């Protein structure tokens, strides 16, 4: 049974999908720790509701990035985390963190990487760019995390049709449905050693 560390920055709907996956047996693992770089991220509340340790590690309590990086790594190790899932985590991981958990960190991204990925492309900014460029398709990608931004090996992608009526908000909702499913499937495979 793998111990999962989930990193979040916002509402935590992907986190909730993972928690649900562990509770219904889809994921052979348990969420051992949730960390957010934003103090008021609702994902921390979701964790607490399920009795999962939840920590804020951000500029408010660690003004120096190096100290925050060290605190994050120490928190994961002290909670004996085996694998790490970035579920809407808007922060770059340190080289030490990536080295410690190489091929054990996955991320969900709301586009078909390499399109609309990398620095500056996150959350609603991705969907706004897709709509502005009149793309026929968007989607979601789960990938391994390496030293680059959204550059790790792709695990799975799924396309979502973009309709002419779509707004960034409606597209985000369509993509989120796919994100939840792909992230749960990928986390399950990561925990069972099948990635």
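The values are calculated or read from the model by the stated rules, or taken from the named source; none is laboratory data. Keep in mind that what you see is a predicted model, and the values were worked out from it rather than measured. A quick note on method: Cβ atoms are made from the backbone with ideal geometry, for glycine too, and the neighbour counts reach across all protein chains shown.
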Restricting the first residue to the stretch 64-89 and requiring it to be at positive phi, which pairs with a second residue that is at pLDDT below 95 meet a Cβ separation below 7 Å and a spacing of at least six or different chains? 88/10
Residues that are within 24 Å of residue 67 (Cα to Cα) and part of a helix (DSSP H, G or I), drawn from the stretch 14-44: 42, 43, 44
Filter the stretch 31-43 down to the residues that are touching a strand residue (DSSP E or B) at 6+ places or on another chain (Cβ under 6 Å) and surrounded by fewer than 21 Cβ atoms within 10 Å (Cβ to Cβ), then identify the one that is nearest to residue 60 (Cα to Cα). 39
Residue among 15, 44 that is in contact (Cβ under 8 Å) with a residue 40 or more places away in the chain, within 15 Å of the chain's Cα centre (by Cα) and under 19 Å from residue 83 (Cα atoms): 15
Just to be sure before I move on: is residue 58 in a loop (DSSP other than H, G, I, E, B) and free of Cβ contacts under 8 Å to residues at least 60 places away in the same chain in the structure I sent? yes
In this structure, does residue 137 turn out to be within 23 Å of residue 7 (Cα to Cα) and either touching a residue at least 12 places away in the same chain (Cβ under 8 Å) or under 14 Å from the mean Cα position of the chain (by Cα) (or both)? no
Of the numbered conditions (1) touching a helix residue (DSSP H, G or I) at 6+ places or on another chain (Cβ under 8 Å); (2) surrounded by 18 or more Cβ atoms within 10 Å (Cβ to Cβ); (3) in a loop (DSSP other than H, G, I, E, B), residue 11 fails exactly one; give the number of that condition. (2)
Do you know which residues across the stretch 148-175 are closer than 28 Å to residue 95 by Cα and touching a helix residue (DSSP H, G or I) at 6+ places or on another chain (Cβ under 6 Å)? 155, 156
